Amino acid sequence: MANAAHRRATRDDFARAIAEGRAVELIAGELIERAAPTFDHGQAQSKVNGQLDAFNRSGGGPRGPGGWWLATEVEVLYPKFEEVFRHDVVGFRRDRQPARPSSFPVEERPDWACEVLSTSTRRGAARRAGRVYDLVKKQRTLHAHGVPHYWLLDPDAEVLTVLRWSEPGYVQILTATVGERVRAEPFDAIELSVSELFGHDE
């Protein structure tokens with residue numbers, strides 16, 4: 001008989017943890033505690049959200065391309081694997097999702113997700129585990145659910161990686177670092193400053 005300590009966590013376990021005020025994700029049958037963000041992590045999250053603000057409104061008009069719902073730190077359900085991720089930044093196209101996602105966790109599939117990788121202030125196993133979740137486990141789940149675009153920001157290396165969904169797996173279509181300006185899909189209607197993403201003044 002399996003040890004109860006090793007049973008897979010469920011959505012009920014996740015809901016109880018949230019009700020207790022814990023910051024957790026449900027990944028591969030485990031409740032994973034979200035580490036308190038470092039300044040570099042928080043700034044990267046804030047900067048990507050800020051640079052994409054022109055998209056976070058209805059389409060058209062002088063304030064930018066619009067057409068998206070964008071949010072930070074929102075729990076999203078991935079039902080095939082009964083997982084719940086709290087993405088650093090996540091987006092939904094308004095032409096596909098006219099109403100603002102409002103359920104908890106959000107049950108609509110995102111069109112874009114962005115994760116900021118664990119920084120060097122998280123040492124050893126904790127840092128490695130955080131990066132494995134973002135680079136491997138979450139990526140596999142997003143691919144299985146058909147999320148078209150996945151971005152990874154690495155504050156240590158100061159590199160932005162842009163991935164696009166394809167049937168065999170995500171394809172890396174762009175990497176960029178400090179000093180570069182890029183048009184990164186699905187937000188390629190405007191140029192982004194990679195320097196600003198990582199807290200540098202241009």
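Throughout, read-outs are computed from the coordinates displayed, never taken from laboratory work. If you're wondering where the values come from, they're calculated on a predicted model, not measured in any experiment. Cβ sites come from the backbone with ideal geometry, for glycine too, and all protein chains shown count toward neighbours.
Summing charges over all other residues whose Cβ lies under 13 Å from the Cβ of residue 9, with Lys and Arg as +1 and Asp and Glu as -1, gives -2.
Note on residue 80: lysines with a C-alpha under 27 Å away, same-chain residues under 8 apart excluded, are 137, 138.
Calculated on C-alpha atoms, the gyration radius of segment 1-121 divided by its Kirkwood radius gives an Rg/Rh of 1.04. Could you calculate the FRET efficiency of residue 166 with residue 10 from 1/(1 + (r/R0)^6), where r is the beta carbon distance between them and R0 is 30 Å, rounded to 0.05? Calculated value: 0.40.
Secondary-structure-derived ellipticity at 222 nm for the chain, considering helices only, amounts to -5500 deg cm²/dmol, per-run term -39500 (n - 2.57) for DSSP H runs with n ≥ 4. Residues whose amide H lies under 5 Å from that of residue 23, counting only those 5 or more places away or on a different chain, are 34; hydrogens are built 1.01 Å from N in the peptide plane. Residues whose amide H comes within less than 5 Å of that of residue 74, counting only those at least five positions distant or on another chain, are 87 (H built at 1.01 Å from N in the peptide plane). Other residues within the sphere of radius under 14 Å centred on the Cβ of residue 144, judged by their own Cβ, net out at +2 (K and R +1, D and E -1). Peptide packing: for 83-91, 157-165, the average count of neighbouring Cβ atoms within 10 Å per residue gives the ranking 83-91, 157-165, highest mean first.
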